[in-house]
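The values are calculated or read from the model by the stated rules, or taken from the named source; none is laboratory data. This is a predicted model, so every value here is computed, not measured. Note that each Cβ is placed from the backbone with ideal geometry, even for glycine, and that neighbours are counted across all protein chains shown.
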Amino acid sequence: MLAQDVTPRILIAQTDPEVAAVIHNSLAKTNFKVDAVFDGLEVINTVAKQLPDLLLLDPVLPLIDGLDILRILSVNAKNDRPAVIMVTTQNEDIDRIVALEMGTEDYIAIPFNPRELLPKSFCDAVHQSKLKIKKMVGWR
């Protein structure tokens, strides 16, 4: 019955390819499917094709910024949006507060220890994946 792949999917949306590579390399040790994109339009297009379980989002992406992406996902998702962790160089309290008030699950300031990312990503991605399985089998 569960023919669909339920491997947790993580989408990295980062302006800086070096930061994206650090994140990707730290998550490569897991069994997650990890993809990276580098602007807001790519985020929207990728999410529309296949909803990730977790979005690691930079709020200062070009074309469509991260906060606008959060708004779009919240409006269009109908309770079905990825968990979102902001990963950013914006370290001010107000940036963190605004992101959390808009619905991000967590906020990680750059520079960060890649080991910090693993447990946070694991918890959010696995939780979203379990919700996906419950929907597939009709559980509430």
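Of all residues in the range 71-118, count the ones that are assigned to a helix (DSSP H, G or I) and either small (Gly, Ala, Ser) or in contact with a Gly (Cβ under 6 Å, 6 or more places away or on another chain) (or both).
Residues of the range 71-118 assigned to a helix (DSSP H, G or I): 71-76, 93-101, 114-118.
From what's left, either small (Gly, Ala, Ser) or in contact with a Gly (Cβ under 6 Å, 6 or more places away or on another chain) (or both): 74, 99.
Total satisfying the criteria: 2.
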Only one of (1) basic (Lys, Arg); (2) touching a strand residue (DSSP E or B) at 6+ places or on another chain (Cβ under 8 Å); (3) without any contact (Cβ under 8 Å) to a residue 24 or more places away in the chain; (4) farther than 23 Å from residue 109 by Cβ is not met by residue 33, so which one is it?
(3)
Given the options 72, 85, 94, name the one that is out of contact with any helix residue (DSSP H, G or I) (no Cβ under 9 Å at 6 or more places or on another chain) and β-branched (Val, Ile, Thr).
94
Restricting attention to the range 33-45, the residues that are buried (at least 18 other Cβ atoms within 10 Å of the Cβ) and farther than 24 Å from residue 98 by Cβ number exactly 2
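Yes or no, residue by residue, for (1) surrounded by 14 or more Cβ atoms within 10 Å (Cβ to Cβ); (2) within 17 Å of residue 7 (Cα to Cα); (3) modelled with pLDDT under 90; (4) not charged (D, E, K, R):
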residue: 57; (1), (2), (3), (4): yes, no, no, yes
residue: 63; (1), (2), (3), (4): no, no, no, yes
residue: 84; (1), (2), (3), (4): yes, no, no, yes
residue: 104; (1), (2), (3), (4): yes, no, yes, yes
residue: 122; (1), (2), (3), (4): yes, yes, yes, yes
Go through the range 36-63 residue by residue and tally those that are in a helix (DSSP H, G or I) and either free of Cβ contacts under 8 Å to residues at least 12 places away in the same chain or under 16 Å from residue 111 (Cβ atoms) (or both).
3
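Inside the range 39-63, can you point out the residues that are over 19 Å from residue 88 (Cα atoms) and of a type outside the set (Asp, Glu)? If you could, list the steps in order and put the result at the bottom.
Taking the range 39-63 and keeping what is over 19 Å from residue 88 (Cα atoms), we get 45-53.
45, 46, 47, 48, 49, 50, 51, 52, listed by residue number.
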